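Starting off with a structure, shown below.
The values are calculated or read from the model by the stated rules, or taken from the named source; none is laboratory data. Predicted model, so just to flag it, every value in this text is computed and none were measured. Glycine also receives a Cβ, built like all others from the backbone with ideal geometry; neighbour counts cover every protein chain displayed. For accessibility, only protein heavy atoms count, side chains too; no ligands or nucleic acids. Shrake-Rupley method; radii C 1.70, N 1.55, O 1.52, S 1.80 Å.
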Amino acid sequence: MTKFTDLGLDQSLIDAVNDLGFEKPSEVQEKAIPILLENESDLVALAQTGTGKTAAFGFPLIQKIDSDSRTTQGLILSPTRELCLQITNELKLYSKYEKNINVVAIYGGASITDQARQIKRGAQIVVATPGRMKDMISRGLVNITKIDYCVLDEADEMLNMGFFEDIKDILSNTPDEKSTWLFSATMPREVSIIAKKFMHSPQEITVGAKNSGASTVQHEYYQVSGRDRYPALKRLADTNPGIFSVVFCRTKRDTQRVAEMLIEDGYNAGALHGDLSQNQRDLVMNSFRKKQIQMLVATDVAARGIDVDDVTHVINFQLPDEIETYTHRSGRTGRAGKSGISMVLVTRSEIRKIRAIENKINQKFILKTVPTGKDICEIQLQHLANKIKNTEINDEIESHLPAINEILADVDREELIKKIVSAEFTRFFNYYNKAKDLNSGGGRERNERGERGGEVPTSGSVRYFINVGEKDGYDWMSLKDFIRDTVQLGKEDVFKVDCKESFSFFNTDAAVTEQILSTFTEFKVDGRFVNVEVSKNPGGGSRRGGGRRNGSGGGRGRDRDRGRDGGRGRRSNSNSSQGGGGTFSGKRRSKRRNTDFF
Ligand code: AMP
């Protein structure tokens, strides 16, 4: 077994390692540290976050810096403020026994004057986000023309975030003869371009398989219909009572909404996205670190700097567009040698994306079924029993015991247990009792609830009801265009459009039914909900007077182009067997707990 003392590190760094409690070097450290200490060569390291890569470049960098000189000798570029601060803090810990080493973080959203002042005092190592770095170079507030080492950390993320030009500009301000160390979880084309353009015969190391996700992560997917994502998310949380998770959504808006709904439904959740102020984000992250938040709902960009080691689950509420992004998401769990689970909620039409990810990460996904209400009740009961068993007795209760004993005098042990469990459990049981099967394809209870007017057809032509009509400014032609454009279908894909006064019908092939239904889930135009359901009446005759809960929502013809951007707002939901069918729109939502919205 390789030890830290075998890697060629100075005693001062070994002392810091001991203080940090690192017992042995991680794979990336074992591979990178000797190379970086012995040579002045460039390095490309394929390593995920959580593998210990900060120390892999941090230790050699600190050892090689001349602490007697105040010149900036090392530059570390990283994608986000959070990561920048995290690296800076780690480097400070690693260099605690070095005299006079100054590490300064520079990043956007904080005072540039303060940062310039810190640099001026002498910073041998600067850790920076590309945007702020470029800004400071152009204002002459930092001098990187004499650096010996440049680290590009999470290079793929920086390029994903559009920093290609900034990085090129920054590197052109640095000397040619410096060493460049590039760390990246994946190796997309742009990262190779940077490596080719700015590096000289770099040595390469790979931790785990190339382009693969961390092997400590198990990948699972759950097939649900688009509108069942939210109840499925809750079930995943409820089957894992000790969950400590990051839930990824695609947009800031969905992120906020899912977090709000979870909070209202009684979960310890919080939102993390770019529309929050830095202060709000810091508060959320602090609560998450302290585990006061068990479900952190985040956008990809906002989650980039998350440096929490013991995340048990990553939940992909929606899949990202880029496979690389999936790798980053799942890398938030299974960190520092721990195991983790990355769960994905997919609709049938997204299954092919799962296959593409499998090919890329070289790991198989396991198809799992969303637990039934009965499964969850069982798990929760066991959890409750264990919780009671392990609860430490509060001594303060002692003085109240005579009174309590008096009340419970006639209740025997068995009955008492039943009562204690019931007191905690009944609300839960009521919610999940008779809850439907959420696995798409297995939706045997869907009919009973009449959610979509029946099972989603899988073949032939399907007729739909839509809650917009002539009074919303449509005729059959413009409605056909609206549906086709919104769902991004081909010219002939929408047919038999029958535009009535306040509602309409149309047909598509069953192959696109899932796409139609998921697009029109939570879909709003001009602040009102456009609701599409499979028609119970395939002939398309009169139906219950457009009797959707929202009445005639939806856009006028002139708003058609805004359909997609108009976003997927809330709409009233008819799947209300568990919570009463309250209507809501916008922020005015009935306060219901444990009610399925998506
Ligand atoms: P990183 O990949 O640099 O984000 O590191 C992930 C986490 O692992 C950080 O919290 C480090 O403090 C921790 N870490 C780094 N190296 C080791 C090691 N050799 N043993 C245990 N933990 C480590």
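Could you check region 138-230 for strands (runs of 3 or more DSSP E) lying wholly inside it with 1 or more residues that are surrounded by 20 or more Cβ atoms within 10 Å (Cβ to Cβ) and more than 30 Å from the chain's Cα centre (by Cα)? Reasoning before the result, please.
Working: elements: 149-152, 179-184, 203-206, 217-223.
In region 138-230, the matching strands (runs of 3 or more DSSP E) lie at 149-152, 179-184.
Here's another thing I want to ask about it. Would you check if there is a residue in region 400-422 being over 29 Å from SER342 (Cβ atoms), of a type in the set (S, T, N, Q) and modelled with pLDDT under 85? Before you say what the answer is, go through the steps one by one.
First pass over region 400-422, keeping only residues over 29 Å from SER342 (Cβ atoms): 400-422.
This time we only want the ones that are of a type in the set (S, T, N, Q), so: 405, 422.
Cutting the leftovers down to modelled with pLDDT under 85 gives us 422.
Checking region 400-422: at least one residue is over 29 Å from SER342 (Cβ atoms), of a type in the set (S, T, N, Q) and modelled with pLDDT under 85.
Is at least one residue of region 24-42 crowded, with 22+ Cβ neighbours inside 10 Å and away from the ligand (no atom under 13 Å from the Cβ)?
yes
Restricting to region 79-94, and then to whatever is touching a Phe, Trp or Tyr at 6+ places or on another chain (Cβ under 9 Å) and of a type in the set (Ser, Thr, Tyr), can you tell me which residue is nearest to PHE183 (Cα to Cα)?
The extreme case among them is THR80.
Moving on to the next point. So which residues in region 379-420 are open to solvent by 100 Å² or more (accessible area, probe 1.4 Å) and within 30 Å of VAL344 (Cβ to Cβ)? Quick ask: steps written out before the conclusion?
Residues of region 379-420 open to solvent by 100 Å² or more (accessible area, probe 1.4 Å): 382, 387, 389-390, 392-393, 395-396, 398, 400, 406-407, 410, 413-414, 418-419.
Passing the criteria: GLN382, LYS387.
For region 96-117, which positions are open to solvent by 10 Å² or more (accessible area, probe 1.4 Å), of a type outside the set (A, V, I, L, M, F, W, C) and touching a strand residue (DSSP E or B) at 6+ places or on another chain (Cβ under 9 Å)?
Within region 96-117, ASN102, TYR107 meet the criteria.
Scanning region 327-356 for residues that are aliphatic (A, V, I, L, M) and more than 16 Å from the ligand (Cβ to nearest atom), which turns out nearest to ALA47 (Cα to Cα)? Give the derivation first.
The first filter runs over region 327-356 and keeps only residues aliphatic (A, V, I, L, M), leaving 336, 341, 343-346, 351, 354, 356.
Adding the requirement that they be more than 16 Å from the ligand (Cβ to nearest atom) leaves 341, 343-346, 351, 354, 356.
Values: ILE341: 19, MET343: 22, VAL344: 23, LEU345: 26, VAL346: 28, ILE351: 27, ILE354: 22, ALA356: 21 Å.
The qualifying residue nearest to ALA47 (Cα to Cα) is ILE341.
Hey, another quick one. Regarding region 247-265, can at least one residue be identified that is in a loop (DSSP other than H, G, I, E, B), in contact with a strand residue (DSSP E or B) (Cβ under 8 Å, 6 or more places away or on another chain) and either open to solvent by less than 10 Å² (accessible area, probe 1.4 Å) or more than 30 Å from ALA155 (Cβ to Cβ) (or both)?
Initially, region 247-265 is screened for residues in a loop (DSSP other than H, G, I, E, B), giving 249-251, 265.
Filter again for in contact with a strand residue (DSSP E or B) (Cβ under 8 Å, 6 or more places away or on another chain), leaving 249.
Filter once more, keeping what is either open to solvent by less than 10 Å² (accessible area, probe 1.4 Å) or more than 30 Å from ALA155 (Cβ to Cβ) (or both): 249.
Yes: region 247-265 contains one or more residues that are in a loop (DSSP other than H, G, I, E, B), in contact with a strand residue (DSSP E or B) (Cβ under 8 Å, 6 or more places away or on another chain) and either open to solvent by less than 10 Å² (accessible area, probe 1.4 Å) or more than 30 Å from ALA155 (Cβ to Cβ) (or both).
Is it the case, given these coordinates, that TYR464 is of a type in the set (Ser, Thr, Tyr), closer than 30 Å to ASN386 by Cα and either modelled with pLDDT of 70 or more or not in a loop (DSSP other than H, G, I, E, B) (or both)?
On the way: of a type in the set (Ser, Thr, Tyr): yes; closer than 30 Å to ASN386 by Cα: no; either modelled with pLDDT of 70 or more or not in a loop (DSSP other than H, G, I, E, B) (or both): yes.
Criteria not met by TYR464.
Going by the conditions given, is ALA128 modelled with pLDDT of 95 or more, within 16 Å of the ligand (Cβ to nearest atom) and in contact with a helix residue (DSSP H, G or I) (Cβ under 7 Å, 6 or more places away or on another chain)? Write out each step before concluding.
On the way: modelled with pLDDT of 95 or more: yes; within 16 Å of the ligand (Cβ to nearest atom): no; in contact with a helix residue (DSSP H, G or I) (Cβ under 7 Å, 6 or more places away or on another chain): yes.
In short, no.
Taking PRO371 and the conditions (1) open to solvent by 20 Å² or more (accessible area, probe 1.4 Å); (2) not in a strand (DSSP E or B), which numbered condition does it fall short on, given that it satisfies the others?
The failed condition is (1).
Which residue, of LEU83, LEU20, is surrounded by 24 or more Cβ atoms within 10 Å (Cβ to Cβ) and within 16 Å of the ligand (Cβ to nearest atom)?
On the way: LEU20 fails: surrounded by 24 or more Cβ atoms within 10 Å (Cβ to Cβ).
Just a single option satisfies the conditions, and that option is LEU83.
Just to verify a result, which residue in region 298-326, among those that are in contact with an Asp or Glu (Cβ under 8 Å, 6 or more places away or on another chain) and not in a helix (DSSP H, G or I), is nearest to the ligand (Cβ to nearest atom)? Before you say what the answer is, go through the steps one by one.
If we filter region 298-326 for residues that are in contact with an Asp or Glu (Cβ under 8 Å, 6 or more places away or on another chain), which is where we start, we get 304-307, 317-320, 324-325.
With the extra rule that they be not in a helix (DSSP H, G or I), the set shrinks to 304-307, 317-320.
Numbers: ARG304: 12, GLY305: 10, ILE306: 10, ASP307: 6, PHE317: 24, GLN318: 26, LEU319: 25, PRO320: 21 Å.
Taking the candidates together, the pick is ASP307.
Scan region 14-41 and report the pairs whose first residue is under 23 Å from ASP176 (Cβ atoms) and among the aliphatic types (A, V, I, L, M) and whose second residue is open to solvent by less than 30 Å² (accessible area, probe 1.4 Å) and within 12 Å of the ligand (Cβ to nearest atom), with Cβ atoms within less than 6 Å and a gap of 6+ or a chain change.
Listed by first residue and then by second, the contacts come to ALA32/ALA45; ALA32/ALA56.
Please work out if SER502 is under 37 Å from the mean Cα position of the chain (by Cα), hydroxyl-bearing (Ser, Thr, Tyr), open to solvent by 20 Å² or more (accessible area, probe 1.4 Å) and more than 16 Å from SER518 (Cβ to Cβ). Walk me through how you get there before you give the answer.
Details: under 37 Å from the mean Cα position of the chain (by Cα): no; hydroxyl-bearing (Ser, Thr, Tyr): yes; open to solvent by 20 Å² or more (accessible area, probe 1.4 Å): yes; more than 16 Å from SER518 (Cβ to Cβ): yes.
So SER502 fails the test.
Right, something else. If you scan region 86-95, which residues turn out to be more than 12 Å from the ligand (Cβ to nearest atom), in contact (Cβ under 8 Å) with a residue 60 or more places away in the chain and in contact with a strand residue (DSSP E or B) (Cβ under 6 Å, 6 or more places away or on another chain)?
Within region 86-95, no residue meets the criteria.
Taking the options ALA269, ALA232, ALA298, ALA302, name whichever one is at pLDDT below 90 and either farther than 30 Å from GLU533 by Cβ or in contact with a strand residue (DSSP E or B) (Cβ under 9 Å, 6 or more places away or on another chain) (or both).
On the way: ALA269 fails: at pLDDT below 90; ALA232 fails: at pLDDT below 90; ALA298 fails: at pLDDT below 90.
After ruling out the rest, the residue left standing is ALA302.
Let me ask you something else. So which residues in region 6-17 are closer than 17 Å to GLU98 by Cα and more than 10 Å from the ligand (Cβ to nearest atom), if there are any at all? Before the answer, list the steps.
The initial filter retains those residues of region 6-17 that are closer than 17 Å to GLU98 by Cα, namely 8-17.
Scanning region 6-17 gives GLY8, LEU9, ASP10, GLN11, SER12, LEU13, ILE14, ASP15, ALA16.
Quick grid of which residues meet (1) in contact with a helix residue (DSSP H, G or I) (Cβ under 8 Å, 6 or more places away or on another chain); (2) under 29 Å from GLU514 (Cβ atoms); (3) free of Cβ contacts under 8 Å to residues at least 12 places away in the same chain; (4) open to solvent by less than 50 Å² (accessible area, probe 1.4 Å):
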| site | (1), (2), (3), (4) |
| --- | --- |
| LYS291 | no, no, no, no |
| VAL297 | yes, yes, no, yes |
| VAL311 | no, no, no, yes |
| ASN316 | yes, yes, no, yes |
| SER342 | yes, yes, no, yes |
| ARG348 | yes, yes, no, no |
| ILE351 | no, yes, no, yes |
| ILE354 | no, yes, no, yes |
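Additional query: Is it true that SER502 is in a helix (DSSP H, G or I), hydroxyl-bearing (Ser, Thr, Tyr) and modelled with pLDDT of 75 or more? Talk me through it step by step, then tell me what you get.
Working: in a helix (DSSP H, G or I): no; hydroxyl-bearing (Ser, Thr, Tyr): yes; modelled with pLDDT of 75 or more: yes.
Considered against the rule, which asks whether it is in a helix (DSSP H, G or I), hydroxyl-bearing (Ser, Thr, Tyr) and modelled with pLDDT of 75 or more, SER502 comes out as no.
Condition first: open to solvent by less than 10 Å² (accessible area, probe 1.4 Å) and more than 12 Å from the ligand (Cβ to nearest atom). Now tell me which residues in region 47-71 satisfy that.
PRO60, LEU61, ILE62
Which numbered condition in (1) modelled with pLDDT of 95 or more; (2) out of contact with any strand residue (DSSP E or B) (no Cβ under 9 Å at 6 or more places or on another chain) is the only one that LEU152 fails?
(2)
Also, quick follow-up: Out of ASP282, ASP275, which single residue is farther than 14 Å from GLN48 by Cβ and assigned to a helix (DSSP H, G or I)? Show your work before the answer.
Numbers: ASP275 fails: assigned to a helix (DSSP H, G or I).
Residue meeting the stated conditions: ASP282.
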